[in-house]
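The values are calculated or read from the model by the stated rules, or taken from the named source; none is laboratory data. Everything numeric in this text was worked out from a predicted model, so none of it was measured. Counting neighbours? That spans all protein chains shown, and the Cβs are built from the backbone with ideal geometry, glycine included. Calculation scope for accessible area: heavy atoms of the full protein, side chains included, ligands and nucleic acids excluded. Shrake-Rupley method; radii C 1.70, N 1.55, O 1.52, S 1.80 Å.
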Amino acid sequence: MDEGKTLKIRLTFSVILVGVALLFAAVVTDHWAVLSPEVLHYNATCEAAHFGLWRLCTKRIYVQDTKEKGCGPISLPGERNCSYFKHFTPGQSAEIFEVSTQREYSISAAAIAIFSVGFAIIGTICVLLSFRKKMDYLLRPASMFYTFSGLCIIISVEVMRQSVKRMIDSDETSWIQYYYSWSFACACASFVLLFVCGIALLLIALPRFPQNPWETCMDAEPEH
């Protein structure tokens, strides 16, 4: 492998590692969406919530006289309580989430995100092994693993988005406002980096196409 191609691979891999870091940050944190109920009385406390793939956190916030209808912002100081979803830890409770949305949405989003993490790990192992001599053929499956990882995390994002939408539209919930937070943004950014750079890595790893019609990929002159 010539030096120019090696440099392209290392630069692409560096960007992919940023995408993998964003992916891990999105999966392990619980700031995908922030939910706010309607505030009917001011100079009192209200309960806002934020959640991720595994855990729901609620915060009691003191609301003064304001023009905002919702509770928050979530960054205000208040009593915070976090619990893992009941279907992941049967001994704990997260009643608000269990009533607010379908259990299947949470399980599906988390399972697809785990597949995304698995693909990213396998792809990284393949790239690291490809740096050894005569093992650059591993770059092609690595690129596909990264592409699959990006597709899985964006599917998980869409499942989570539908979950929040169903929560807001449900008559059984008190939530009237919501917005997506930084964990959601990390997931979207990781999709862009993993998907685009996965395809770029595949194109870089492919053998050079013949420049003349009588050449084949095997006897074409190497790139300089």
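Could you tell me whether LEU202 is at pLDDT 65 or above, out of contact with any Ser or Thr (no Cβ under 9 Å at 6 or more places or on another chain), within 15 Å of THR124 (Cα to Cα) and open to solvent by 30 Å² or more (accessible area, probe 1.4 Å)? Against the criterion (at pLDDT 65 or above, out of contact with any Ser or Thr (no Cβ under 9 Å at 6 or more places or on another chain), within 15 Å of THR124 (Cα to Cα) and open to solvent by 30 Å² or more (accessible area, probe 1.4 Å)), LEU202 does not qualify. Contact annotation: no residue pair with Cβ atoms under 8 Å, 6 or more positions apart or on different chains, pairs a residue in region 2-21 that is within 19 Å of ILE121 (Cβ to Cβ) and without any contact (Cβ under 8 Å) to a residue 12 or more places away in the chain with a partner that is among the hydrophobic types (A, V, I, L, M, F, W, C) and surrounded by fewer than 21 Cβ atoms within 10 Å (Cβ to Cβ).
One residue is enough: does region 168-181 have a residue meeting the conditions at pLDDT 90 or above and more than 11 Å from the chain's Cα centre (by Cα)? No, region 168-181 contains no residue that is at pLDDT 90 or above and more than 11 Å from the chain's Cα centre (by Cα).
The set of residues in region 115-139 that are out of contact with any Cys (no Cβ under 9 Å at 6 or more places or on another chain) and open to solvent by 70 Å² or more (accessible area, probe 1.4 Å) comprises ILE121, ILE122, ILE125, LEU128, PHE131, ARG132, LYS133, LYS134, TYR137. Residue check: ALA189 meets all listed conditions (1) assigned to a helix (DSSP H, G or I); (2) modelled with pLDDT under 65 but one, namely (2). Within the option set LEU35, LEU53, LEU76, LEU22, being open to solvent by 30 Å² or more (accessible area, probe 1.4 Å) and at pLDDT 80 or above holds for one residue only, LEU22.
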